[in-house]
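Notes to accompany the following structure.
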Amino acid sequence: MSENVSISRVALKKITPDVSAAMGSLHTAAVSAARDAKVEPELLELIRIRASQINGCAFCIDMHTKDARAAGENEQRVHALNAWRETPFFTARERAALALTEAVTLVHDGRVPDAVYAEAAEVFDEAQVAALIWAATVINAYNRIAIATRMVPGNYQPTPKN
């Protein structure tokens, strides 16, 4: 059941700028670890979208679908991401990353199963698995922030590529 009446929510960046900056630093470090491990930025966007879909974070879905498209991701794959298991549009590597992302996001449903971890470890090295776990963890945290503060989707625009 959804609420029709919305109350004003706290502006976290304004009220807790140090914590918000630390969260931004965590995101930057996770992106850097992924880059150093040679995890494709496009795969990171798929991870961010999928976790955001599971969590129902409209703000992050809006942001990361726009970022994915700006990075060259095609519409068909973006639209099919919610049903990635039923489509032929994703590689084995992407499927392993998406399965791991779902397990991390839904950790309360039974932890991260050994089979899911093993599938990821078959196609990613340790540094890449670590980067995927960090990427999933960071977007899950951002989803909770955006949902708790009711960040409004729609106005985000990707940074133009040079």
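The values are calculated or read from the model by the stated rules, or taken from the named source; none is laboratory data. What you see is a predicted model, and the numbers here were worked out from it, not measured in a lab. Methodologically, a virtual Cβ is constructed for each residue, glycine included, from the backbone with ideal geometry; neighbour enumeration extends over all protein chains shown. Just so you know, the surface numbers come from the protein's heavy atoms only, side chains and all, with ligands and any DNA or RNA stripped out. Shrake-Rupley method; radii C 1.70, N 1.55, O 1.52, S 1.80 Å.
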Problem - First in segment 19-48 and farther than 26 Å from T91 by Cα, second anywhere and modelled with pLDDT under 95 and among the charged types (D, E, K, R), Cβ under 7 Å, 6 or more apart - result: S20/K13
Exercise for the section: Considering each residue of segment 71-92, count those that are open to solvent by 50 Å² or more (accessible area, probe 1.4 Å) and within 16 Å of the chain's Cα centre (by Cα), and give that number. Expected result: 2
Problem - Sole residue being out of contact with any Ser or Thr (no Cβ under 9 Å at 6 or more places or on another chain) and closer than 29 Å to A11 by Cα, chosen from Y156, Y117 - result: Y156
Problem - Residue ID - modelled with the lowest pLDDT, chosen from residues in segment 96-124 that are open to solvent by 80 Å² or more (accessible area, probe 1.4 Å) and either more than 20 Å from the chain's Cα centre (by Cα) or among the basic types (K, R) (or both) - result: R111
Fill in the blank from the handout: Among the residues of segment 54-77, the number that are aliphatic (A, V, I, L, M), assigned to a loop (DSSP other than H, G, I, E, B) and modelled with pLDDT of 95 or more is 0
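For every residue, the table says whether it meets (1) under 20 Å from the mean Cα position of the chain (by Cα); (2) open to solvent by less than 40 Å² (accessible area, probe 1.4 Å).
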position: I7; (1), (2): no, no
position: G24; (1), (2): yes, yes
position: E42; (1), (2): yes, no
position: I61; (1), (2): yes, no
Exercise for the section: For segment 44-56, state whether one or more residues are surrounded by fewer than 18 Cβ atoms within 10 Å (Cβ to Cβ) and of a type in the set (S, T, N, Q). Expected result: no
Completion exercise
Scanning segment 134-162 for residues that are open to solvent by less than 60 Å² (accessible area, probe 1.4 Å) and β-branched (V, I, T) gives T137, V138, I139, I145, T149
